[in-house]
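A short write-up of the structure that comes next.
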Amino acid sequence: VEEVPFDERFLSDPIESGLELILRGLEYLTDNPNPRRRKHAILDLCSGVETLIRERLRQEHWSLVFEDPAGASKQAYDDGTFRAVRLEDALDRLQGVCGLDVPPKWRWGLESLARRRSRLEGRGLVESTPVLMAIAVAVVTPFVDSVPPGRLNGSLAALLDGIRNRLATLEGRINDAARRIAEKRPNEVLLACPNCREEGTLVVEDGPQCLYCGYSGPPEDVAAEYARDLFPGEERAPYRCPVCERNTLLDVGASDEDPWYKCFACGRSWGVDDLAFCSWCGQPFEPPEDDPDEDLCRKCRGEEGEG
Ligand SMILES: [Zn+2]
Ligand SMILES: [Zn+2]
Ligand SMILES: [Zn+2]
């Protein structure tokens, strides 16, 4: 048999390459993350996680790394002349074909990271350090957690240790920032941020704003984004706030069974027993104290304007 010059055996192990890229990306992000280093962090982290994900698909079957596995050919695979699977599809295959768990926060992190790379390559935009730190932790943690202790040895184990250390540094910095935010705003309800997905960093008392990553926006938009991104598939549409009357009142309870309501414009909140829902228009209202069984809101009772 004729020896092929670039047989797979001569290439470095893809797992090692993936881990090296991830470690280097985390180093860029933990040590002096100026814009130039953040740019490299985005590129390296993205390539690193893609390498590992593709390698996992390849272990299942080499055709899975093709955009279209049905049209995959071994020739194109060996030559490297094929269109590689897109990230969303790769994640669907990890779940559907390989039977792996793809947690929503991991998917969010991977898709966010890929978007940052597109923005970087297309428009030269470099994401801020806080957002990148949050994305990096979301993206890398599941890889690290999925390796049982003692499973890797030699250079791979050393790489994994390096990655663990850098992750711990990032997590420590994020936790410190969150603690400072909580100390600064002791009397406010702090929600999760739809942009960086950190818990307890979004204040809505003077208009919605994330004190960790700086994200803000019109209350209507933030409420809608919050509902869509933090409760995917639940269809929690914003209601009309009974006080400020903007469509910015959201059930922000962690589960369906435990609702509580927060207005993203005026910042007021209500427990589940403090609001009733109008039997005519469906919008929430505060039941009058003298008539707690009232089932129409003030508008529909005609107590104000034409309703
Ligand atoms: Zn944020
Ligand atoms: Zn309001
Ligand atoms: Zn009504």
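The values are calculated or read from the model by the stated rules, or taken from the named source; none is laboratory data. Everything numeric here is computed off the predicted structure, so don't read it as measured data. Cβ atoms come from the backbone with ideal geometry, glycine included; neighbour counts cover every protein chain shown. Surface accessibility is based on the protein's heavy atoms, side chains included, excluding ligands, DNA and RNA. Shrake-Rupley method; radii C 1.70, N 1.55, O 1.52, S 1.80 Å.
Would you check which residues across the range 165-220 are polar (S, T, N, Q) and either touching a Pro at 6+ places or on another chain (Cβ under 6 Å) or within 30 Å of residue 240 (Cα to Cα) (or both) and list them? If the condition is that a residue be polar (S, T, N, Q) and either touching a Pro at 6+ places or on another chain (Cβ under 6 Å) or within 30 Å of residue 240 (Cα to Cα) (or both), then 187, 195, 201, 209, 216 are the ones that fit.
Test residue 270 against the stated conditions and say whether it is at pLDDT 90 or above and in a loop (DSSP other than H, G, I, E, B). Considered against the rule, which asks whether it is at pLDDT 90 or above and in a loop (DSSP other than H, G, I, E, B), residue 270 comes out as no.
For the range 228-257, filtering for residues that are closer than 17 Å to residue 268 by Cα and either modelled with pLDDT under 90 or assigned to a helix (DSSP H, G or I) (or both) leaves 1. Of all the numbered requirements in (1) open to solvent by 20 Å² or more (accessible area, probe 1.4 Å); (2) hydrophobic (A, V, I, L, M, F, W, C); (3) within 16 Å of ligand 2 (Cβ to nearest atom), residue 249 misses one, and that requirement is (1). Looking at 228, 236, 268, 240, just one residue is among the basic types (Lys, Arg) and within 16 Å of ligand 3 (Cβ to nearest atom), and that residue is 240. One residue is enough: does the range 222-235 have a residue meeting the conditions open to solvent by 70 Å² or more (accessible area, probe 1.4 Å), within 16 Å of ligand 1 (Cβ to nearest atom), within 24 Å of residue 196 (Cβ to Cβ) and out of contact with any Asp or Glu (no Cβ under 6 Å at 6 or more places or on another chain)? Yes, the range 222-235 contains at least one residue that is open to solvent by 70 Å² or more (accessible area, probe 1.4 Å), within 16 Å of ligand 1 (Cβ to nearest atom), within 24 Å of residue 196 (Cβ to Cβ) and out of contact with any Asp or Glu (no Cβ under 6 Å at 6 or more places or on another chain).
Does residue 170 satisfy being of a type outside the set (Asp, Glu) and within 16 Å of ligand 1 (Cβ to nearest atom)? Answer is yes for this residue.
With the requirement that a residue be basic (Lys, Arg) and either under 14 Å from residue 236 (Cα atoms) or within 16 Å of ligand 1 (Cβ to nearest atom) (or both), what does the range 249-287 give you?
Of all residues in the range 249-287, those basic (Lys, Arg) come to 262, 268.
Selection gives 262 alone.
Screening 189, 131, 139 for residues that are at pLDDT below 90 and not charged (D, E, K, R) leaves exactly one candidate, 189. Identify all residues within the range 271-307 that are away from ligand 3 (no atom under 16 Å from the Cβ) and within 22 Å of residue 220 (Cα to Cα); write none if there are none. Selection gives 271, 272.
Every residue, every condition in (1) touching a residue at least 24 places away in the same chain (Cβ under 8 Å); (2) in a helix (DSSP H, G or I); (3) exposed (fewer than 14 other Cβ atoms within 10 Å of the Cβ), yes or no:
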{"site": "127", "(1), (2), (3)": "yes, no, no"}
{"site": "151", "(1), (2), (3)": "no, no, yes"}
{"site": "158", "(1), (2), (3)": "no, yes, yes"}
{"site": "174", "(1), (2), (3)": "yes, yes, no"}
{"site": "178", "(1), (2), (3)": "yes, yes, no"}
{"site": "187", "(1), (2), (3)": "no, no, yes"}
{"site": "220", "(1), (2), (3)": "yes, yes, no"}
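Looking across the range 252-278 at every residue that is farther than 18 Å from residue 297 by Cβ and of a type in the set (D, E, K, R), the one that is farthest from ligand 2 (Cβ to nearest atom) is identified as 257. The condition of being within 16 Å of ligand 1 (Cβ to nearest atom) and either more than 19 Å from the chain's Cα centre (by Cα) or open to solvent by 50 Å² or more (accessible area, probe 1.4 Å) (or both) does not hold for residue 290.
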